[in-house]
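Heads up, the thing below is written out as structure tokens.
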Amino acid sequence: MIGIAVVGYGYWGPNLVRNFAETPGAQLLWVCDLKKDRLGAVQMRYPTVQITDDFDEVLRDPRVDAIAIATPVFAHYKLAMQAMMAGKHVFVEKPMASTSEEARRMVEEATRRGLILAVDHTFIHTGAVRKMREIIETGLGDVYYYDSVRVNLGLFQHDVSVVWDLAVHDLSIMDYVLPEKPVAVSATGMGHVAGEPENIAYLTLFFESKLIAHIHVNWLAPVKVRRTLIGGSNKMIVYDDLEPSEKIKVYDKGITLNGNAEQNGDKIYEMRVGYRTGDMFAPQLDMTEALGRELKQFVDCVANNKQPLADGHAGLRVVRILEAATQSLAQRGRVIELEQARLIA
């Protein structure tokens with residue numbers, strides 16, 4: 001059995017506790033939170049689990065093999081480093097750190113100590129996103145674009161902008177499903193509450209190829225929308241996370257280039273564009289709860305020394321994009337090369 005401790009019992013912590021308590025091969029030993037009133041609820045529901053507001057008490061317990069961190073982002077680095085220095089494997093909420101430098105040090109520490117460092121990119125464990133990756137790899141053709149809208153009314157965060165709160169989901173999905181990684185990012189946005197970070201933002205990501213990605217995130221929308229369009233040379237995907245059953249729809253639609261390019265002096269003969277319209281189908285999806293699948297994988301990785309789908313390197317790539325987007329926001333959309341952003345950080 002892999003001994004587990006969960007640190008942070010606020011918004012996401014209860015989901016981790018519930019799933020770890022039900023994960024085969026895991027033994028939930030501790031829940032730690034600075035707010036003692038939250039811990040009372042843990043003791044009532046899980047009477048065999050120990051509770052504490054002292055993180056050091058968790059670190060001293062030799063039965064604890066791994067620690068799941070579900071605290072505000074600013075605390076991730078310190079807690080994760082303390083855990084790894086104590087020889088504990090780490091599962092950390094996204095984004096994994098406040099800066100790419102912190103994330104890089106976390107990856108290096110895990111590598112140096114031979115520990116598993118997993119980042120909670122929950123969406124890549126959903127049946128819908130896994131199916132998207134399969135379609136992109138086998139039937140979409142050349143990927144042209146990734147276009148996402150992720151908006152709702154609230155919840156306003158005081159410590160991070162809407163980019164770090166909502167766009168991180170799409171960045172983690174893109175990191176998993178797209179065949180290449182972005183090389184630059186441009187971001188524009190605005191904050192409408194005095195003293196608070198941006199509540200609406202638009203990100204554009206550039207790649208070495210002609211692939212382009214656009215992400216719209218907003219805390220001030222009158223409706224909740226979670227929709228992504230992915231276009232390829234052979235097929236196109238619509239992913240609507242709010243759909244109860246048909247979350248993925250694949251369209252046999254696209255363009256065809258007709259005619260031969262003929263040389264006429266120094267001028268190339270125009271190439272005509274045609275349109276192809278075929279069937280739509282909605283593939284059957286695995287509806288297993290993503291977090292349960294993710295934590296089961298984490299426990300297996302700890303037990304068998306395997307790397308998770310979303311390891312520290314994946315978390316670092318996402319944080320680098322978030323950091324570059326923040327630089328771009330401050331400069332009204334200036335394109336930031338990701339390598340340049342890494343050097344600045």
Hey, among Arg45, Arg63, which residue is touching a Lys or Arg at 6+ places or on another chain (Cβ under 9 Å) and basic (Lys, Arg)? Arg45
Quick check: anything in region 296-309 touching a residue at least 60 places away in the same chain (Cβ under 8 Å), more than 18 Å from Phe123 (Cα to Cα) and within 16 Å of the chain's Cα centre (by Cα)? no
Selection from region 188-231 of residues that are over 19 Å from the mean Cα position of the chain (by Cα), within 23 Å of Arg276 (Cα to Cα) and crowded, with 19+ Cβ neighbours inside 10 Å: Leu211, Gly231
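Select from region 38-71 the residues that are part of a helix (DSSP H, G or I), in contact with a helix residue (DSSP H, G or I) (Cβ under 9 Å, 6 or more places away or on another chain) and charged (D, E, K, R) and write down the one among them that is most open to solvent (accessible area, probe 1.4 Å).
Taking region 38-71 and keeping what is part of a helix (DSSP H, G or I), we get 38-45, 55-60.
Of the ones still in play, those that are also in contact with a helix residue (DSSP H, G or I) (Cβ under 9 Å, 6 or more places away or on another chain) are 38, 41-42, 45, 55-56, 58-59.
Pick out the ones that are also charged (D, E, K, R) and you get 38, 45, 56.
On the way: Arg38: 81, Arg45: 153, Asp56: 73 Å².
By that ranking, first place goes to Arg45.
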Filtering region 101-126 down to residues that are farther than 21 Å from Val7 by Cβ and open to solvent by 10 Å² or more (accessible area, probe 1.4 Å) yields Glu101, Arg104, Glu108, Thr111, Arg112, Gly114, Phe123, Thr126
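Can you tell which of Met85, Met96 is out of contact with any Pro (no Cβ under 7 Å at 6 or more places or on another chain), closer than 26 Å to Thr23 by Cα and surrounded by fewer than 20 Cβ atoms within 10 Å (Cβ to Cβ)?
Values: Met96 fails: surrounded by fewer than 20 Cβ atoms within 10 Å (Cβ to Cβ).
Just one listed residue meets the conditions, Met85.
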Please determine whether any residue of region 47-57 is touching a Phe, Trp or Tyr at 6+ places or on another chain (Cβ under 8 Å) and closer than 27 Å to Arg104 by Cβ. no
Single condition Lys35 does not satisfy, out of (1) open to solvent by 20 Å² or more (accessible area, probe 1.4 Å); (2) under 26 Å from the mean Cα position of the chain (by Cα); (3) within 30 Å of Leu322 (Cα to Cα): (2)
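Of everything in region 13-29, what is in a helix (DSSP H, G or I) and aliphatic (A, V, I, L, M)? Give them in sequence order.
Step one: of region 13-29, the residues in a helix (DSSP H, G or I) are 13-22.
Leu16, Val17, Ala21 - these are the residues of region 13-29 that are in a helix (DSSP H, G or I) and aliphatic (A, V, I, L, M).
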If you take the residues in region 296-326 that are out of contact with any Ser or Thr (no Cβ under 9 Å at 6 or more places or on another chain) and part of a loop (DSSP other than H, G, I, E, B), which one is surrounded by the most Cβ atoms within 10 Å (Cβ to Cβ)? Pro308
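Criterion first (farther than 30 Å from Leu257 by Cβ and outside any helix (DSSP H, G or I)) does Leu329 satisfy it? If you could, list the steps in order and put the result at the bottom.
Working: farther than 30 Å from Leu257 by Cβ: yes; outside any helix (DSSP H, G or I): no.
For Leu329, the condition - farther than 30 Å from Leu257 by Cβ and outside any helix (DSSP H, G or I) - is not met.
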Scanning region 283-295 for residues that are assigned to a loop (DSSP other than H, G, I, E, B) and under 21 Å from the mean Cα position of the chain (by Cα) gives Leu285, Asp286, Met287, Thr288, Glu289
Identify all residues within region 1-22 that are within 17 Å of Val73 (Cβ to Cβ), open to solvent by less than 10 Å² (accessible area, probe 1.4 Å) and among the small types (Gly, Ala, Ser); write none if there are none. Gly8, Gly13
Among the candidates Val143, Val149, Val163, Val129, residue that is at pLDDT 95 or above, open to solvent by 30 Å² or more (accessible area, probe 1.4 Å) and of a type in the set (A, V, I, L, M): Val149
Residue under question is Leu291, and the condition is that it be of a type in the set (A, V, I, L, M) and under 15 Å from Leu16 (Cβ atoms); does it hold? yes
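If you check Lys181, Lys131, which single one turns out to be basic (Lys, Arg) and more than 16 Å from the chain's Cα centre (by Cα)? Quick ask: steps written out before the conclusion?
Details: Lys181 fails: more than 16 Å from the chain's Cα centre (by Cα).
After ruling out the rest, the residue left standing is Lys131.
The values are calculated or read from the model by the stated rules, or taken from the named source; none is laboratory data. Everything quoted here is computed from the prediction, not taken from an experiment. Neighbour counts are summed over all protein chains in view; Cβ atoms, including those assigned to glycine, are modelled from backbone coordinates with ideal geometry. Only protein heavy atoms, including side chains, enter the accessible area calculation; ligands, DNA and RNA are left aside. Shrake-Rupley method; radii C 1.70, N 1.55, O 1.52, S 1.80 Å.
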